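Engineer: First, the structure itself, so that you have it in front of you.
No value in this document is a laboratory result; all are computed from the given coordinates. All values reported here derive from a predicted model rather than from experimental measurement. Methodologically, a virtual Cβ is constructed for each residue, glycine included, from the backbone with ideal geometry; neighbour enumeration extends over all protein chains shown.
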C-alpha cells in the first residue's frame, strides 16, 4: 500500500482509456467501495458488483451516459471473480 493512497495496491481494478478504478469492501463490509486508483478519491459505495461497475464506467466516460448493459455484466462477473479471490485479510481489511 502506498503511503498516500490509503488503499492496498492489490485491490481489484477496472481500467479503460488509461484510467484505473479500484474496488474494495467498505469498512463495515456491507458495500463495495469504488474509487479512483490515481488519487483514491471515492466514487461511491454500492450494494452490487453491477452497480459498482456501472458507476466506474460512468466515471471513466465522464459523459453521464449509461454504459452498455452487456459490458457491465461481463465486467461485473470478472470483478466478482477477482473480488472473491482477493485475500482481504492479507491486505489489511
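Engineer: Please determine, in degrees from 0 to 90 and to the nearest 10, the orientation of helix 49-61 with respect to the longest principal axis defined by the Cα atoms of the chain, where the helix direction is its Cα long axis.
Structural biologist: 70 degrees
Engineer: Work out how much length residue 31 to residue 74 would gain on full extension: take 0.36 nm times their residue separation and subtract the Cα-Cα distance, in nm to one decimal. Write out the running numbers ahead of the final one.
Structural biologist: Numbers: separation 43, 0.36 × 43 = 15.48 nm, distance 2.00 nm.
Here the answer is 13.5 nm.
Engineer: Still on this model: For the peptides 47-60, 19-32, 78-91, what is the packing order when you average, over each peptide's residues, the other Cβ atoms within 10 Å and list the highest mean first?
Structural biologist: Working: 47-60: 19.4, 19-32: 15.8, 78-91: 13.3.
Top to bottom by mean Cβ count within 10 Å: 47-60, 19-32, 78-91.
Engineer: Something else now. So for the pair residue 93, residue 39, with labels modelled 7 Å out along Cα→Cβ, what separation do we get in nm?
Structural biologist: Here the modelled spin labels are 2.4 nm apart.
Engineer: Given an 8 Å cut-off on Cα distances and at least 6 residues of separation, report the relative contact order of the chain as a percent.
Structural biologist: Numbers: 120 pairs, mean separation 20.6, N = 93.
Computed value for the chain: 22 percent relative contact order.
Engineer: Same structure again: At what distance in nm do the modelled label points of residue 82 and residue 19 sit from each other, each positioned 7 Å from its Cα along Cα→Cβ?
Structural biologist: 1.6 nm
Engineer: Over all directions, how big on average is the projection of the convex hull of the alpha-carbon atoms in the chain, in square nanometres? Provide the component values of the computation, followed by the final result.
Structural biologist: On the way: hull surface 22.9 nm².
So the mean shadow area of the Cα hull is 5.7 nm².
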